[in-house]
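Colleague: Okay, handing you the structure first.
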Amino acid sequence: MRAVLNTFIVHLNFTLFFLFQVYDATDGSIIQPLKGHKDIVYCVAYAKDGKRFASGSADKSIIIWTSKLEGILKYTHNDSIQCVAYNPVTHQLASCSSGDFGLWSPEQKSVNKHKVSSKITCCGWTNDGQYLALGMMNGVVSIRNKNGEEKVKIERPGGSSSPIWSIAWNPSKDEHNDILAVADWGQKLSFYQLSGKQIGKDRTLTYDPCCVGYFSKGEYIVMGGSDKQASLYTKDGVRLGTVGEQNSWVWTCRVKPDSNFVVLGCQDGTIACYQLIFSTVHGLYKDRYAYRDSMTDVIVQHLITEQKVRIKCRELVRKIAIYRNRLAIQLPEKILIYELYSDDSSDMHYRVKEKICRKFECNLLVVCSQHIILCQEKRLQCLSFNSVREKEWVMESLIRYIKVIGGPPGREGLLVGLKNGAILKIFVDNPFPITLLKLTTSVRCLDMSASRNKLAVVDEHNTLLVYDIKSKELLFQEPNANSVAWNTQCEDMLCFSGNGYLNIKASNFPVHQQKMQGFMVGYNGSKIFCLHVYSMSAVEVPQSAPMYQYLERKMFKEAYQIACLGVTDSDWRDLATEALEGLDFETAKKAFIRIRDLRYLELINSIEERKKRGENDNDLFLADVYAYQGKFHEAARLYKRTGHESRALSMYTDLRMFDYAKEFVGVTDPKSSRMLMTKQADWAKSSKEPRAAAEMYLSAGEHLKAIDIIGEHGWADMLIDIARKLDKAEREPLAKCALHFKRLKHHGYASETYSKMGDLKALVHLHVETRHWEEAFSLVEKHPQFKNDVFVPYAQWLAENDRFEEAQKAFHKAGLQNEAVKVLEQLTQNAVVENRFNDAGYYYWMLSMQCLDIAKEQRGEMLKKFERFQHLAELYHVYRSIQRYTDEPFSSHMPDTLFNICRFLLNNLTKDIPPGISKVNTLYALAKQSRQLGAYKLARYAYEKLQELHIPSRFQESIELGSLTIRSKPFHDKEGMMCYRCSTNNPLLNNQGSVCINCRQPFIYCASSYDVLPLVQFYLEEDISDEDALSLIDLEVPHTDQRAARWQDIDNGDLQSLRMDEGLDDEEEDPFTAKMSFEQGGSNFVPVKVSRPVLRAMSRRDVLIKRWPRPLKWEYFRSLLPEVSITMCPTCFKMFHSEDYELLVLQHNCCPYCRRPIDEPN
């Protein structure tokens, strides 16, 4: 630290004390004396923006002045003014007297004054202008807010014996808290937070402090007082040194904002201005840089990783030296030796190894592994870490430069440059220095190469001189240098700086220059360490220029060494390429590895393998290199020279240079020309020119590739042309054509192609896949061996499209009767699971008919299935109405119909109830309808049966209520069912089933309303066939009586109907009636058997015949009430009241049971 002194002496007359002077700070000249006060002026203070200042006087007044030195306002206190201070934010002025203080701001008309208990000696605002600190004579610091209210009171231990004489707030914006420096006449310096909490301990002074002031950034404090000097302190209160000495007390000191200028005011009227200059104290070893910070701290910076570590010494740091794992710091009274915790190159943790508690005066400090070297003028002293002086060297001239150049621990070498031009090498264990060179000019900077063979010197004329140490020969010299350093990783490279340029020199090549600010101090690899003002930085400098200098001379290995220091990827590629063309495969390989170019590495590996196998034709290797680099014509010439024309041809074709390839081959080789055509077609395909590629493939005879391209793009016309031109023996291309036609849905072209090939099986599969069944059937007629290939998928397709009759026939034709049954069984099961009972009944009926069809060949089992499926079909058909009644809010059936349906279902349900049919639903519906129709006995029976079953919660309340209320009804039913054979009245529910309880004759029900129809089934005597019976019945002779007039027979070919016309009952005895009554009775059922005369006597209009296909027999029914019109469906043989049937057919356009369309022929 250096202080430059400028003093201005002001002679004050006692009679003129009420005047004060305004000086120009640049040259100290008086601008203007200001008059306004009537007594001594004690204090002045500028506003933050410099537009106003205030003065306070013993005349108890305050005057506000403008920057133009004009007074604009004056106000007074009751006592003399001691101090004034402007708020840095609001420009509010605090003025303090012996008994009070006032707060004034431009927007106020009056001054707010506040009494205090002691004389105020000093004041100061916080940085944010929120609080005002007052220092008092009684040793108290009072902190007030902007309104003058006391918030914090700090009482110093000395009390009134230690009056507070000066305070100052730290202006730093980096501090988290406001820090107040307090100096009292108890000779103490203390620091406090805004809250009043003391920071650290009191700092003892050796004088009475009169003033304290911070630098603009808060890093230093200037204090003056009774010791007649101004001293510099750290912000923590550590004394750094003297700014300037005076002849009297220093009463005030101020630091110019944002600068290092300090102004002092003394008791004798002296005003002194000092400029502080802080010198750089630092040390560098390879990539570690140590420098002084805040005068008392040392920061060690790793220039590569940018890591930093701070070492707090709490004293003024005078010198720093660093070497390997050692760090030496000289303090005023001692030297500290630090060492790293570990040998890790990135370790930044230092610990104290030794302390040398002695005061040393030296110009330069150097540290080694076991010694420190002190340099004082001409003298060098070597001390151990225990402060023992081991060696001393006295030079013939002043020492200008010293540097440790390495060596074993305890035997390091020093490079020393003297003012007289001598350059010495000194070993710390050798008392005799070795003279390396003797120059004619003073040495400014020195460095030795890594191999210790070359020496670089910068002299006082800024000339760089490089010598060979052994021969003392001057190798070269360069002008405009102020520092020099050899590259620590490369023997032949050095750099030097000067005139704002960085110069890099490799070997004896020309210098490469680039602009750089600062002072170059080190060179490690590609990093140059540059000191600019006070900061050290590592500059990454590509080593491109020296590398290219080596490449120009084909010095590939040396160029690689330079590149390893740090060059760009493009430089690495240039090095690799040049080395490859120079056939230096080892260097090229290492360079390509750096840039991860696998393609060239594969080339180099293949060349190395070929060399191991004995190949040594460098022209051929170079041709491969040229081909990889894109120098195709040069590569082709070398290939031709070495007799490898095929390689040149492959190269051109791979690169789609077909014109060059044709030119290279000529027209003499048809095989090569054809190969070229194929490759050109490949290229056209890959370059998205498919039509051209296809035509080229056809020209080259590559039909398969051409067909693939044409097929992919759907050019059917072009494809059929190829198929028609191909010979039928070329089955593979024809098959591909057919596959593409199938994919493109050109059935006709595919069929034509398969026909040309004669592949009938593929043709059959084509017809099946495209659903062209007619063509498939015609093909099967000619070739029956493909029957299963056609009818099985046809049947599956029909079943999928709900064409079950056709599917059954197709399965039958394919000989897969069981498959048809399985398909329908699955559909039926799905319908039951999904509660589609109408569909379930229909599917069961379809199943029964399929079983009946199969029963022609497999009678026993299939007939049983037929009967079971017929029974299930009727049950599910009936249950659909009950399910709709219980699950849906509305029902389309009349109560009588639901009543009949429930009774029919319960009469026909066996112990094993089919899946999906609910007995609870059936009984519930029966109970509701029985009650409504007056069948109370049956209703009570249904409710009692329901109590035995598990009832769903939704029916629970209704059933319980119904069970109670039904008991209030009479215990009887309406009339039961009359048997039309024996005229017996049957109960509404019959535990024997749907048969008469007397004659056991089965009841015949209407398939819609489930009323009992007036029909009686009769059987033929054994000698009468169905054909005979039909002919006998058809022999009926029209009667001439009234009977003929009252019957109308309607037969439209599909339906048989009996309609009644007007007429009276015939009282003539009917032979059928006589036969029926004669054979009835007994506990066993006795069927009605008729003879030929009886048949002959029957009217065709009274007989309904179920003409079942074989192996079933026909069933015959005789209507006993001809006036009741009955219709039978010719497909499912279900009986209906004619009116009901016609209405249902009109609604559904089909039979409600078997879904046969009404217009479909029987």
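The values are calculated or read from the model by the stated rules, or taken from the named source; none is laboratory data. This one's a predicted model, so the numbers in the text were calculated from it and none came from an experiment. Methodologically, a virtual Cβ is constructed for each residue, glycine included, from the backbone with ideal geometry; neighbour enumeration extends over all protein chains shown. Note: accessible area is taken over every heavy atom of the protein model, side chains too, but ligands, DNA and RNA are not part of it. Shrake-Rupley method; radii C 1.70, N 1.55, O 1.52, S 1.80 Å.
Colleague: Using r as the Cβ-Cβ distance of Val511 and Arg379, and R0 as 45 Å, what FRET efficiency do you calculate, to the nearest 0.05? The partial results should precede the final answer.
Modeller: Values: r = 38 Å, r/R0 = 0.84.
After rounding to 0.05, the efficiency reads 0.75.
Colleague: Hey, any idea what % of the stretch 205-278's accessible area is carbon plus sulfur with a 1.4 Å probe? If you can, show how the numbers build up before the last one.
Modeller: Numbers: 1360 of 2890 Å².
The value for the stretch 205-278 is 47 percent carbon and sulfur by accessible area.
Colleague: OK, next. Kindly flag which residue pairs out of Lys286/Lys557; Lys403/Lys505; Lys419/Lys470; Lys217/Lys319; Lys286/Lys454; Lys74/Lys217 have an alpha-carbon separation exceeding 28 Å in this structure. All intermediate terms of the calculation are to be shown ahead of the outcome.
Modeller: Values: Lys286/Lys557 26 Å; Lys403/Lys505 22 Å; Lys419/Lys470 23 Å; Lys217/Lys319 25 Å; Lys286/Lys454 19 Å; Lys74/Lys217 34 Å.
Beyond 28 Å between Cα atoms: Lys74/Lys217.
Colleague: Let a ≥ b ≥ c be the square roots of the eigenvalues of the Cα gyration tensor of the stretch 205-278; is it rounded (a/c under 1.5), or, if not, prolate (a/b larger than b/c) or oblate? Please report the intermediate quantities before stating the final value.
Modeller: Details: a/c = 1.86, a/b = 1.28, b/c = 1.46.
Oblate is the answer for the stretch 205-278, as a/c is 1.5 or above yet b/c matches or exceeds a/b.
Colleague: Roughly how much of Arg1096 is accessible, in Å² to the nearest 10, using a 1.4 Å probe?
Modeller: Near enough 120 Å² of accessible area.
Colleague: In whole Hz and in residue order, list the ³J(HN,Hα) couplings for the stretch 838-853 that follow from phi through the Karplus curve 6.51 cos²θ - 1.76 cosθ + 1.60, θ = phi - 60°; x for Gly and Pro.
Modeller: Computed from phi, the couplings for the stretch 838-853 are 5, 5, 4, x, 5, 5, 5, 5, 4, 4, 4, 5, 5, 5, 5, 5 Hz.
Colleague: Going through the cross-link list Lys60/Lys113; Lys188/Lys359; Lys146/Lys197; Lys235/Lys359, which pairs have a Cα-Cα distance over 19 Å in this structure? Before the final figure, lay out each step's value.
Modeller: Values: Lys60/Lys113 13 Å; Lys188/Lys359 27 Å; Lys146/Lys197 21 Å; Lys235/Lys359 25 Å.
Pairs exceeding the cut-off: Lys188/Lys359; Lys146/Lys197; Lys235/Lys359.
Colleague: Could I ask something else about it? Could you name the lysines whose alpha carbon sits less than 22 Å from that of Lys725, not counting residues in the same chain fewer than 8 places away?
Modeller: Result set, ordered by chain and number: Lys705, Lys736, Lys742, Lys745, Lys756.
Colleague: Let's test the formula: R0 of 22 Å, r as the Cβ-Cβ distance of His532 and Asp347. What FRET efficiency results, to the nearest 0.05?
Modeller: Once the sixth-power term is evaluated, E becomes 0.20.
Colleague: Could you work out the Rg to Rh ratio of the stretch 394-537, with Rh taken as the Kirkwood radius (inverse of the mean 1/r over all Cα pairs)? List each step's numbers first, then the result.
Modeller: Details: Rg = 14.8 Å, Rh = 15.5 Å.
When Rh is taken as the Kirkwood radius, the ratio is 0.95.
Colleague: Ordered by residue, what ³J(HN,Hα) values in Hz, to whole numbers, does the stretch 116-130 give under the Karplus form 6.51 cos²θ - 1.76 cosθ + 1.60, where θ = phi - 60° and Gly and Pro are x?
Modeller: 10, 8, 8, 5, 8, 9, 7, 8, x, 8, 6, 4, 8, x, 8
Colleague: Summing +1 for each Lys or Arg and -1 for each Asp or Glu, what net charge is found among the other residues whose Cβ lies under 14 Å from the Cβ of Asp1140?
Modeller: Details: positive: Lys1134; negative: Asp896, Asp1011, Glu1139, Glu1142.
Neighbourhood net charge equals -3.
Colleague: Can you list the lysines whose alpha carbon is less than 21 Å from that of Lys937, not counting same-chain residues fewer than 8 positions off?
Modeller: Lys919, Lys928, Lys945, Lys969, Lys974
Colleague: Select from the stretch 1081-1162 those GluC sites (Glu not before Pro) which occupy a DSSP coil region and have at most 15 other Cβ atoms within 10 Å, ordered by residue number. If you can, show how the numbers build up before the last one.
Modeller: On the way: sites: Glu1115, Glu1123, Glu1139, Glu1142; in loops: Glu1123.
Those that pass, being in a loop and sparsely packed, are Glu1123.
Colleague: Still on this model: Considering only Cα-Cα distances, which of the following residue pairs are longer than 19 Å: Lys201/Lys334; Lys48/Lys173; Lys38/Lys109; Lys35/Lys68; Lys515/Lys554?
Modeller: Working: Lys201/Lys334 24 Å; Lys48/Lys173 16 Å; Lys38/Lys109 24 Å; Lys35/Lys68 14 Å; Lys515/Lys554 29 Å.
Those over the limit are Lys201/Lys334; Lys38/Lys109; Lys515/Lys554.
Colleague: In addition: Which whole-Hz ³J(HN,Hα) couplings does the stretch 858-871 yield from phi under the Karplus relation 6.51 cos²θ - 1.76 cosθ + 1.60, θ = phi - 60°, glycine and proline marked x?
Modeller: Those phi angles translate into 10, 5, x, 5, 5, 5, 5, 5, 4, 5, 5, 5, 4, 5 Hz.
Colleague: Would you pull out the residues with amide H under 5 Å of Lys454's amide H, same chain only if 5 or more places away, H placed 1.01 Å from N?
Modeller: Here the answer is Ser449, Ile469, since their amide H atoms fall under 5 Å of that of Lys454.
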